[in-house]
Amino acid sequence: MVSSWHADVVVIGAGIIGASVAWHLAKKKVDVLVLEKSDPCSGTSGACDGMVFLQSKKPGVHLALAMAGRNRFDTLEQELDADIALQCSGGIMAITSEAELTAVNWFVQEQNQAGLGVSLLDIRQARELAPCLSPNLPGATFCSLDARVNPIYLTLAFLEAAERCGTRVLSRTPVMGIGLKTDGIFVLDTPQKTIETRTIVNAAGVHAPKIGKMVGLDIPITPRRGQILVTGPMAPVLDQCLISAAYVAAKYDPAIAESGHMGISMEQTEAGNFLLGSTREFVGFDRSTTLTAVKHILAETTAIIPALQDASLMRTFAGLRPYTPDGLPILGRVPSLPGFIMAAGHEGDGIALSPVTGQLIAELITDGTTCINLTPFCLERFSNGAVS
Amino acid sequence: MNRDLRIPGIIRGPEIHVTVNGRKITAFQGETLLAALTAAGMKTLGIGQSHDDTRGAVCGMGVCYQCLMTIDGQLDQRACMTVVHDGMTIETQGDLP
Amino acid sequence: MTLGIKCDTAIVGAGCAGVVAAHILADHGLDILVMDETPHTGGQSLRSLPWPQNPSIFTGLNRPGIRRLPGRIKTAPVPIMHRTQVIGIDGHLEILAEKNGKEIICITPQAVLLATGARETFVPFPGWTLPGVISTGAAQILMKGSGILPADNMVAAGLGPFLTAVSAEYLSNRGRLLSIADFGKMQGKLGMLTHGFHQFSKLLEGTRYLAKILGSKVPFHHQTMVLEATGTKELERVVLARVDNQGKIIAGTGKIYTTGCLAIGWGFAPNLELPLQAGCAILHDPELGGWVTAVNDAFESSIPGIFCAGEITGIAGASKSIIEGELAARGILEKLGREVDENRMAVLQRQRKHVLAFGAYFNRLHRVPDTVFCAIPDTVTICRCENITMGDIKTAVKKGYDTPALLKKALRCGMGFCQGRTCGPVINRILAAVTNRPAGDIPMLPVRMPVKPVSVRSFLQ
Ligand SMILES: Cc1cc2nc3c(=O)[nH]c(=O)nc-3n(C[C@H](O)[C@H](O)[C@H](O)COP(=O)(O)OP(=O)(O)OC[C@H]3O[C@@H](n4cnc5c(N)ncnc54)[C@H](O)[C@@H]3O)c2cc1C
Ligand SMILES: Cc1cc2nc3c(=O)[nH]c(=O)nc-3n(C[C@H](O)[C@H](O)[C@H](O)COP(=O)(O)OP(=O)(O)OC[C@H]3O[C@@H](n4cnc5c(N)ncnc54)[C@H](O)[C@@H]3O)c2cc1C
């Protein structure tokens, strides 16, 4: 029998974004119901890295949001009363060619002008920070604000904290349809229950467009696959999180983009395993991993940290980044549909941006205003033809 | 106590030697490293993830990965799946308590 | 460069099922490739000494069909690629394998036969991580595969016929067996007589083992299990205790044995990692031993072109694997457009029915009750790789982490080197037991390539 429930706010999706939104609302005594189609953290938030990386962000709204987001991490463990494996030992961007070095020079200047302290190191200095780096690299950059967390622990910690404040989480409860009554009340269809609410937060990650369709909205989020490799546990050699400069440098030098080098990322978890990532592929919702990607990632990462050659490849997995055409998340109310709020499309930054996203959406719902202007993140930016 | 664990009456391959943590032990070509270590009375092969407990082989058939050792310089090799050869060098991984 | 190989059929696993299938396919002129991660041919039951001058002594090889097999293995005209672990299969039947721990090879066959066999399962107890606590399989492999006793003296404990077999083998090799603790009842063994009508040779074999043990005067305790194992760095003592009819330990019945070796085994679980990684459908049936791959009459799985045979379609021992190896080979021949002998198929299907019936009886008889999993003390390590305890699991379950995938996220159990092979079957049973759900409601952990750890260097070649 299908019974009817009510909640002040219904959050669709128990990924890191939905979980953070729920907790930030619950802290403000809002009655929240989270609906999750399978299990918490079974989507992208359970298949990603946990870097809170600032130095790679483009100066402007993106970097500003990321820096606001970064600040929240300092007190998060305490606020959540949970171990999220936060490690604030900075981040390294490894430069793998002379061409990259030139491009990165420009980049570092821009970051420092934007107020983010990034230093350019020669390889000797870089190896003092991280002796595991290959002596053959031309150099590296370092930013002490870069950090990392365990994204799964953080997602679950958000949810558990929300539940302690009274939030209800319904797992294995997919939203299958949404109706809108004349009095502005949404009616959500699930196999188990019908749920009524005045406010919906669409935090369905790569599935946000499907939720949008249920209310007649066109949401331009597409899955962008990232494959990650996990090595067996190794003695601790890398404190910092690390990316290669190729991805950033490609924005400054098109020749680098064509060289076939992709941006890779590496982090060593508290258990000693390395996470080596990741590809950026548009292959629909296919979450399988491929030999080509494995070989590519291993070739690039072992060139940066040669000791990885001794490791075992233990696991691979793939996650789907919720990609938007301009690389920025979609946040805020949808004017045509009051009561429908977007919180999705964080592409490769959802972990880093999760605390600030939750905070902003909660402010929006309870106060009507937010401490950061949400206009650059609105859904309408795509329909206005502002973005190609 | 020090009874030879090698079952008598079996025709074995040539006698060879392998070195475990610097100690030379006898083995017979064809047998697995786990067998040679067992015959040499060595049961503790590694440590657990929390670094305060000792571990030895369990399944003997390549499933449990509790017998991981560094063999000829290669990390994380299963003793039970490795056939010995003369001059093989083996090290336990982590500091045994 | 990755070496690429084309063939008609690739067979994973050179155990009974794989070898039988290989012979039949080769006899029909098919180009086949058999891969096995071990250095030997024959899988778990046809394991022999690496030195051919010795007569083969196989456990339980008086059964029809098996007797001829060792000879066939030795004269095998089929290429068997040893020390080759298959690490993944993708949707287009492309097989990835690591050869000699050194290089990745890629095989593109028209059909694949998965015959990956089974491994042992356990019920964890305090002290089971101490060096010296080994599996009954390890004890057997040391004796059969290297001619070495696992220890000068030992205690054997667990459940099922394999415990009896290994105990008898150890005694035959002049091992000093201090005690056998069988969780099952003595009546269970007698009940086999009525179910073994078609399985006369198996009964004979079981009786031989029993006779060996009873003749040796080693204490053979039924309804008894390990209470704990203790020792400072290695195993020094084992405490056995009696259980009641519900499988609960009876207080005050503990008996201490001083030994440095304890062999434990609670039965077998199929190696489903490759079928799961490939996306083959699985089904749960306690009479087949729990989760197994689902196959049709031709032994094709839900993925066209991927066939499965042997223990991975249901635990019932070597005879079933041999029959299924042949049936699957004939299924593959049919798939590849060859003619098949329908009469032979019918005979095999009939034989299979009998071994399945016997297997079902065995699996029912040796199903560990939920009470045993509920009763595991909180301090006991369940996931050996990541040191996750029963208490950790129970706490997480209370918070709602009630599937293997959720537990892995919350606790990391199954994230270690063994990829959940050891703790996986245990955790599934614990979850069912503590949440009072049927075991079939607890899904298996998803599996991705590589299904076994591979050296990074292999990919750099
Ligand atoms: C390889 C890779 C590496 C990455 N590395 C980083 C990094 O280092 N740092 C960083 O900050 N970010 C990183 N990211 C990005 C980050 O993982 C994502 O931005 C983030 O996880 C998105 O979170 P989400 O909550 O929006 O989506 P999800 O986690 O996917 O959550 C959405 C949830 O909605 C549920 N859902 C969908 N449809 C329905 C429905 N109809 N009804 C109910 N529920 C539904 C889904 O089941 C899912 O659980 C990475 C991503 C990938 C793929
Ligand atoms: C430890 C143990 C001991 C046993 N001893 C006996 C016994 O003495 N007598 C008896 O009758 N029965 C014994 N059995 C029962 C046994 O399962 C069956 O008798 C029979 O061997 C099953 O045959 P099979 O072909 O299905 O699998 P197996 O004989 O197990 O063969 C499977 C083969 O596949 C290989 N393999 C698995 N995964 C991969 C991979 N990814 N890549 C490459 N190769 C792979 C394995 O190395 C193995 O050689 C034992 C079982 C176990 C687990």
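Among the criteria (1) in contact with an Asp or Glu (Cβ under 6 Å, 6 or more places away or on another chain); (2) buried (at least 22 other Cβ atoms within 10 Å of the Cβ), the one A:VAL30 does not fulfil is (2).
For the range B:34-82, the candidate set comprises residues that are more than 7 Å from chain C (Cβ to nearest Cβ) and hydroxyl-bearing (Ser, Thr, Tyr); within that set, the residue that is nearest to the chain's Cα centre (by Cα) is B:THR82. Considering (1) within 14 Å of chain B (Cβ to nearest Cβ); (2) under 17 Å from C:PHE373 (Cα atoms), the lone condition that C:ALA433 does not fulfil carries the number (1). Residues that are closer than 17 Å to C:LEU227 by Cβ and out of contact with any Lys or Arg (no Cβ under 8 Å at 6 or more places or on another chain) within the range C:370-399 comprise C:VAL372, C:CYS374, C:ILE376, C:PRO377, C:THR379, C:VAL380, C:THR381, C:MET390, listed in sequence order.
Looking across the range A:61-72, the residues that are more than 10 Å from ligand 1 (Cβ to nearest atom) and in contact with a helix residue (DSSP H, G or I) (Cβ under 9 Å, 6 or more places away or on another chain) come down to A:VAL61, A:HIS62, A:LEU63, A:LEU65, A:ALA68, A:ARG70, A:ASN71, A:ARG72. Scanning the range C:416-444 for residues that are more than 19 Å from B:GLY62 (Cβ to Cβ), of a type outside the set (D, E, K, R) and assigned to a loop (DSSP other than H, G, I, E, B), we see that the one that is nearest to ligand 1 (Cβ to nearest atom) is C:PRO443. Starting from residues that are of a type in the set (Lys, Arg) and touching a strand residue (DSSP E or B) at 6+ places or on another chain (Cβ under 8 Å), keep the ones in the range C:426-456 and report whichever is surrounded by the most Cβ atoms within 10 Å (Cβ to Cβ). Filtering the range C:426-456 for residues that are of a type in the set (Lys, Arg) and touching a strand residue (DSSP E or B) at 6+ places or on another chain (Cβ under 8 Å), the one surrounded by the most Cβ atoms within 10 Å (Cβ to Cβ) comes out as C:LYS452. Evaluation of C:ALA156 against the conditions (1) surrounded by fewer than 24 Cβ atoms within 10 Å (Cβ to Cβ); (2) away from every other protein chain (no Cβ under 14 Å) shows that the sole unmet condition is (1). If you go through the range A:346-376 and keep only what is hydrophobic (A, V, I, L, M, F, W, C), in a helix (DSSP H, G or I) and without any contact (Cβ under 8 Å) to a residue 60 or more places away in the chain, you end up with A:LEU360, A:LEU364. Looking only at residues of the range C:101-117 that are surrounded by fewer than 23 Cβ atoms within 10 Å (Cβ to Cβ) and either acidic (Asp, Glu) or within 11 Å of chain B (Cβ to nearest Cβ) (or both), we find that the one that is nearest to B:GLN77 (Cα to Cα) is C:GLY101. Any residue in the range C:2-19 that is more than 16 Å from ligand 2 (Cβ to nearest atom), modelled with pLDDT of 85 or more and either within 14 Å of chain B (Cβ to nearest Cβ) or part of a strand (DSSP E or B) (or both)? Yes; the residues of the range C:2-19 include at least one that is more than 16 Å from ligand 2 (Cβ to nearest atom), modelled with pLDDT of 85 or more and either within 14 Å of chain B (Cβ to nearest Cβ) or part of a strand (DSSP E or B) (or both).
For (1) buried (at least 20 other Cβ atoms within 10 Å of the Cβ); (2) within 14 Å of chain C (Cβ to nearest Cβ), each residue gets a yes or a no:
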{"position": "A:LEU129", "(1), (2)": "no, no"}
{"position": "A:LEU133", "(1), (2)": "yes, no"}
{"position": "A:ALA140", "(1), (2)": "yes, no"}
{"position": "A:ASN150", "(1), (2)": "yes, yes"}
{"position": "A:LEU156", "(1), (2)": "yes, yes"}
{"position": "A:GLY177", "(1), (2)": "no, no"}
{"position": "A:LEU180", "(1), (2)": "no, no"}
{"position": "A:GLY184", "(1), (2)": "no, no"}
{"position": "A:ASP189", "(1), (2)": "no, no"}
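Within this structure, A:VAL9 passes the test of being under 30 Å from A:PHE186 (Cβ atoms), buried (at least 24 other Cβ atoms within 10 Å of the Cβ) and β-branched (Val, Ile, Thr). Of the candidates A:LEU229, A:LEU217, A:LEU238, the single residue that is surrounded by 19 or more Cβ atoms within 10 Å (Cβ to Cβ) and over 22 Å from A:SER45 (Cα atoms) is A:LEU238.
Annotation note: of A:ILE243, A:ILE256, A:ILE228, the sole residue that is outside the structural domain of A:PHE186 (by TED's automatic domain parsing), more than 16 Å from the chain's Cα centre (by Cα) and more than 28 Å from A:ILE341 (Cα to Cα) is A:ILE256. Could you say which residue among A:THR75, A:THR96 is away from ligand 2 (no atom under 16 Å from the Cβ) and assigned by TED's automatic domain parsing to the domain that holds A:GLY319? It is A:THR96.
Of all residues in the range C:142-179, those satisfying the criterion of being among the charged types (D, E, K, R) and assigned to a helix (DSSP H, G or I) are C:LYS144, C:GLU169. Determine whether A:GLY205 is crowded, with 23+ Cβ neighbours inside 10 Å and away from every other protein chain (no Cβ under 14 Å). In short, yes. Within the range A:39-48, being part of a loop (DSSP other than H, G, I, E, B), near ligand 1 (Cβ under 6 Å from one of its atoms) and crowded, with 24+ Cβ neighbours inside 10 Å holds for A:GLY43, A:CYS48. When C:ILE382, C:ILE388 are checked against the criterion of being within 12 Å of another protein chain (Cβ to nearest Cβ), aliphatic (A, V, I, L, M) and buried (at least 23 other Cβ atoms within 10 Å of the Cβ), a single residue qualifies: C:ILE388. Please determine whether any residue of the range A:75-83 is at negative phi and within 13 Å of ligand 1 (Cβ to nearest atom). No - not one qualifying residue is present in the range A:75-83.
The values are calculated or read from the model by the stated rules, or taken from the named source; none is laboratory data. Since we're looking at a predicted model, the values are computed, not measured. With ideal geometry, Cβ positions are generated from the backbone for all residues, glycine too; neighbour counts draw on all protein chains shown.
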